[in-house]
Every structure is written in structure tokens, then in C-alpha cells.
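This report concerns only the one structure given below.
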């Protein structure tokens, strides 16, 4: 049986300000899509027993590629969602068999590495079967420094991954020019096949497609835990694009979903109706650049 949506990523074990929980793009993307669509979801990546229980509970199919799950410690500082991330334990590499690849043919495939677990050859294999390939570059630019603290360092080789994707997301801190979101989005867009989003937290995001750059604001007056918002933005926007939705509408819906998650501590973070209504308001505030 083929899956309409495949999430190729790591589950993680996270300690957020001392509170332990499961996390990672595999978790946040799955929960977001479960409350947004009725499509089958397939998860491919490192997973432990607690993650298997989660997948069983929500009805997602899981193909674990390793039992070695990354362990991150996250500590928020200040009032703007800034955080310090420490990698306490790295996870296993994601390797996908030819049989699994064939089962993904025609699917929306969302690839969201957390720390160097997805290789360029693996991405090429996914590109060959994907109906639409979405990529978050977060785990491609991360490295660890003193005491395992995670920092971002742009590597020009990441452009090879960007070339393979139809939708690309990066936080500004992960981008080739981390002080200029417009330039960063344009640089990524020149190498991409389609849509690029560079997010700036509470300041909104820059989106570029075919040379057209647009500023998309964030939902106003939202405070809370921003963990997983990039994963939610990408998964909802990519889902809408895979259904043929107009690109700015798709991005606005992703931004609305991400904003609602920040303001709500526990899932469900939103309903599809809420996202669609708030996205219309965001579309009214877009600014061409």
C-alpha cells in the first residue's frame, strides 16, 4: 500500500527546560498533519519504543531505520523564543531500501533531518520517486561545539540538497546569509526547483518563487513554546502545494498553523478551519519585495 504523505526524519528525545518529552520533526509534522488532513502517513527514520507506541496510537505507519535516536537538551532564553540547544546523543543514519522507495512513489515526501542523518545520495533516491519533495535544511547545517552545544554553519554543499527539493525551509539562523532573510531566500531560490521559505520567528517569513519575493507576517500577539514550528510550517505548506494549492495560500496556511501551535501548549494545536480562516487574514497583509 502506498502512502500519500511520507515523513523522512528522526524522532528525538527532548529535554525542554528540564521537561522530558518525545520530539523531532517526525513528531511535530505527524501531529500537525493528523489534525489537518485524512491522508495516510508513513514515518521513516530512527525511532525507539516510545516512538513506536506513539505511531501505533495515532495510526501512522512506521519504518524504523535505527534504534539510535538523537537526544537534545533545549533551554529557552529571553522572551523572543531564542533557545540554546545541546546534542547529548546523536542518532543513526537514515538508509532507505529500494523496496521502501518504490512504496513512496508519487507521494509527498517531507525530509527534515535533525543532525546529519540524511545523505545526498539518500535525497537523490527520494527525488526519483517523490510526487513533491519538501526539505528542511536544519540538520544539514548543524554542528556541535563546546559541551555539545549545537550551532549552525553554512556549507555550500547544502546547495546540492536544495537543488533536489520542490519546497525548501530554513530558519534565518541556518541560512547562507543569517543577517539578511531576503538575500538568503533569493540565494536558496536560485538553486531550488520551486518554493523557498526563510522564517524569522515572530517577525514572519520571506518566501521566494521564480524570482518573486514576498514577506509573510506571523500571527500577531502570540507567545509560547516555539519548538516544532518550522516543521509545522513546512509540513502544512508542502501538503497544500502537493494538492495544487496556490503557493502563497499554501505558505499562509503553514504560517497560521505554526503560529497557533506557539500559543497552545498541547495538541490539537489547531483545526483546519482555524488555519484557513487565519491564513486569509495573513494573505491580506502580504508585502511584495
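The values are calculated or read from the model by the stated rules, or taken from the named source; none is laboratory data. Please read these numbers as outputs of a predicted model, since none were measured by experiment. Cβ coordinates were reconstructed from backbone atoms using ideal geometry, including for glycine residues, and neighbour counts include every protein chain displayed.
Kindly establish whether residue 147 is within 17 Å of the chain's Cα centre (by Cα), modelled with pLDDT under 95 and closer than 28 Å to residue 73 by Cβ.
Details: within 17 Å of the chain's Cα centre (by Cα): no; modelled with pLDDT under 95: yes; closer than 28 Å to residue 73 by Cβ: yes.
Answer is no for this residue.
Out of (1) over 15 Å from the mean Cα position of the chain (by Cα); (2) within 14 Å of residue 289 (Cα to Cα), the odd one out for residue 205 is which?
Of everything listed in (1) over 15 Å from the mean Cα position of the chain (by Cα); (2) within 14 Å of residue 289 (Cα to Cα), residue 205 misses just condition (1).
Output the residue which, of all residues in the stretch 230-261 that are out of contact with any strand residue (DSSP E or B) (no Cβ under 8 Å at 6 or more places or on another chain) and in contact (Cβ under 8 Å) with a residue 60 or more places away in the chain, is surrounded by the most Cβ atoms within 10 Å (Cβ to Cβ).
257
Does residue 206 qualify as being in contact with a strand residue (DSSP E or B) (Cβ under 8 Å, 6 or more places away or on another chain) and either in contact (Cβ under 8 Å) with a residue 40 or more places away in the chain or under 25 Å from residue 277 (Cα atoms) (or both)? Spell out the reasoning first.
Working: in contact with a strand residue (DSSP E or B) (Cβ under 8 Å, 6 or more places away or on another chain): yes; either in contact (Cβ under 8 Å) with a residue 40 or more places away in the chain or under 25 Å from residue 277 (Cα atoms) (or both): yes.
Criteria met by residue 206.
Is one or more of the residues making up the stretch 214-235 on the phi > 0 side of the Ramachandran plot and in a helix (DSSP H, G or I)? Walk me through it before giving the result.
First pass over the stretch 214-235, keeping only residues on the phi > 0 side of the Ramachandran plot: 221, 224, 228.
Add one more test, that the residue is in a helix (DSSP H, G or I), and what stays is none.
Checking the stretch 214-235: not a single residue is on the phi > 0 side of the Ramachandran plot and in a helix (DSSP H, G or I).
Under 28 Å from residue 21 (Cα atoms), modelled with pLDDT of 95 or more and out of contact with any strand residue (DSSP E or B) (no Cβ under 8 Å at 6 or more places or on another chain): is that true of residue 140 in this structure?
Considered against the rule, which asks whether it is under 28 Å from residue 21 (Cα atoms), modelled with pLDDT of 95 or more and out of contact with any strand residue (DSSP E or B) (no Cβ under 8 Å at 6 or more places or on another chain), residue 140 comes out as yes.
If you scan the stretch 176-188, which residues turn out to be touching a residue at least 24 places away in the same chain (Cβ under 8 Å) and either under 24 Å from residue 242 (Cα atoms) or within 17 Å of the chain's Cα centre (by Cα) (or both)?
Of everything in the stretch 176-188, those that are touching a residue at least 24 places away in the same chain (Cβ under 8 Å) and either under 24 Å from residue 242 (Cα atoms) or within 17 Å of the chain's Cα centre (by Cα) (or both) turn out to be 185, 186, 188.
Filter the stretch 126-157 down to the residues that are over 23 Å from residue 69 (Cα atoms) and outside any loop (DSSP other than H, G, I, E, B) and list them by number.
127, 128, 129, 132, 133
Tally time: how many residues in the stretch 113-124 are surrounded by fewer than 19 Cβ atoms within 10 Å (Cβ to Cβ), part of a helix (DSSP H, G or I) and touching a helix residue (DSSP H, G or I) at 6+ places or on another chain (Cβ under 7 Å)?
Residues flagged as surrounded by fewer than 19 Cβ atoms within 10 Å (Cβ to Cβ), part of a helix (DSSP H, G or I) and touching a helix residue (DSSP H, G or I) at 6+ places or on another chain (Cβ under 7 Å) within the stretch 113-124 amount to 1.
Can you tell me which of 59, 81, 106 is at pLDDT below 90 and out of contact with any strand residue (DSSP E or B) (no Cβ under 7 Å at 6 or more places or on another chain)?
On the way: 59 fails: at pLDDT below 90; 106 fails: at pLDDT below 90.
Residue meeting the stated conditions: 81.
Just to verify a result, which residue in the stretch 263-275, among those that are touching a residue at least 60 places away in the same chain (Cβ under 8 Å) and assigned to a helix (DSSP H, G or I), is surrounded by the fewest Cβ atoms within 10 Å (Cβ to Cβ)? I'd like the intermediate steps shown before the answer.
Start the filter on the stretch 263-275 by keeping residues that are touching a residue at least 60 places away in the same chain (Cβ under 8 Å), which leaves 267-272, 275.
Filter once more, so that each one left must be assigned to a helix (DSSP H, G or I): 272, 275.
Values: 272: 13, 275: 25.
Top of the filtered list is 272.
Out of 178, 220, 156, I need the residue that is surrounded by fewer than 18 Cβ atoms within 10 Å (Cβ to Cβ) and under 30 Å from residue 128 (Cβ atoms). Which one? Give the derivation first.
On the way: 178 fails: under 30 Å from residue 128 (Cβ atoms); 220 fails: under 30 Å from residue 128 (Cβ atoms).
Checking each option against the conditions leaves just 156.
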